[in-house]
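Notes for the one structure printed next.
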Amino acid sequence: MQHEVFNEAGDRDLVVVLGWGNRIEHGNVRWLVDRLVDADYRVTVFQLPTVVTDFESEWVKPIADYVDGLESYRLLTHSTGGLVAEYLEGAEHRVYLSPWWGFHADMRNPIVSLAMKLPLSRSILPTGGADREMLGALATDRQLEDTPDRVAPTFLREAKRAQSHLPPFQFEETGVVFYTPDDAVVSAAAIEERAPE
């Protein structure tokens with residue numbers, strides 16, 4: 001798993017876990033990191049691998065090992081990063097941006113269910129693509145170009161397994177969730193069901 005630290009001299013630790021397909025070098029990610037650095041955070045950004053065969057060992061453990069070494073930290077997540085974050089401990093505050101706590105209705109169908117049973121860790125299934133309308137008006141050309149157009153069946157299986165075993169939401173006092181009710185990727189219904197209003 002790739003990660004990068006910005007502003008080593010920052011006063012407070014902030015861990016950012018990106019969503020699936022987002023990259024540390026994307027312009028919009030760097031813009032956000034610059035704002036966080038300006039607030040004097042020591043920012044560690046984790047970029048999730050887009051193909052995994054085991055949720056815990058390939059996504060959760062590398063980040064958990066890192067945060068275990070911090071005296072205290074705050075957590076900022078996006079999409080799949082929000083799913084991973086639910087399995088991390090010790091954050092003082094949590095901010096979830098469109099957390100992927102459930103499959104969007106478009107992905108809950110027999111084809112996706114069957115695909116999740118394939119033991120293939122190669123990106124062979126079409127994602128349906130991502131365009132500026134889906135990702136937002138501020139998505140960069142580079143981000144659109146870098147967004148994977150295929151997904152591995154093992155990725156879908158592991159994400160679904162993690163979603164179905166989420167621990168109870170326990171961050172009413174220290175967490176905040178931002179999302180769009182008509183999000184085209186994550187399930188707004190899963191967010192509304194999981195997080196208190």
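Observations on the structure shown:
- Positions within region 150-197 being open to solvent by 40 Å² or more (accessible area, probe 1.4 Å), part of a helix (DSSP H, G or I) and more than 23 Å from L118 (Cα to Cα), in sequence order: A189, E192, E193, R194
- Of the listed requirements (1) touching an Asp or Glu at 6+ places or on another chain (Cβ under 8 Å); (2) open to solvent by 20 Å² or more (accessible area, probe 1.4 Å); (3) under 23 Å from R30 (Cα atoms), Y87 misses just one: (3).
- Pairs with Cβ under 9 Å, 6+ apart, first in region 161-184 and under 18 Å from F103 (Cβ atoms), second modelled with pLDDT under 90 and among the acidic types (D, E): A184/D106; A184/E133
- Given (1) touching a residue at least 24 places away in the same chain (Cβ under 8 Å); (2) touching a strand residue (DSSP E or B) at 6+ places or on another chain (Cβ under 9 Å); (3) open to solvent by 30 Å² or more (accessible area, probe 1.4 Å), index of the condition L138 fails: (2)
- Residues of region 1-22 that are open to solvent by less than 30 Å² (accessible area, probe 1.4 Å) and not in a strand (DSSP E or B): G10, L18, G19, G21, N22.
- So D34, is it outside any strand (DSSP E or B) and either over 23 Å from P168 (Cα atoms) or hydrophobic (A, V, I, L, M, F, W, C) (or both): yes
- Verdict on R94 being closer than 30 Å to S72 by Cα, of a type in the set (K, R) and either in a strand (DSSP E or B) or open to solvent by 60 Å² or more (accessible area, probe 1.4 Å) (or both): yes
- Qualifying residue in region 99-114 (condition: out of contact with any Gly (no Cβ under 9 Å at 6 or more places or on another chain), among the small types (G, A, S) and at pLDDT below 75): no
- Among the conditions (1) open to solvent by less than 20 Å² (accessible area, probe 1.4 Å); (2) of a type in the set (A, V, I, L, M); (3) not in a strand (DSSP E or B), the only one that L75 does not satisfy is (3).
- For T140, the conditions (1) at pLDDT 90 or above; (2) closer than 24 Å to L32 by Cβ are fulfilled apart from (1).
- Restricting attention to region 23-55, the residues that are surrounded by 20 or more Cβ atoms within 10 Å (Cβ to Cβ), touching a Leu at 6+ places or on another chain (Cβ under 8 Å) and in contact (Cβ under 8 Å) with a residue 60 or more places away in the chain total 0.
The values are calculated or read from the model by the stated rules, or taken from the named source; none is laboratory data. Bear in mind the structure is a predicted one, so any value in this text is a computation, not a measurement. Methodologically, a virtual Cβ is constructed for each residue, glycine included, from the backbone with ideal geometry; neighbour enumeration extends over all protein chains shown. Surface accessibility is based on the protein's heavy atoms, side chains included, excluding ligands, DNA and RNA. Shrake-Rupley method; radii C 1.70, N 1.55, O 1.52, S 1.80 Å.
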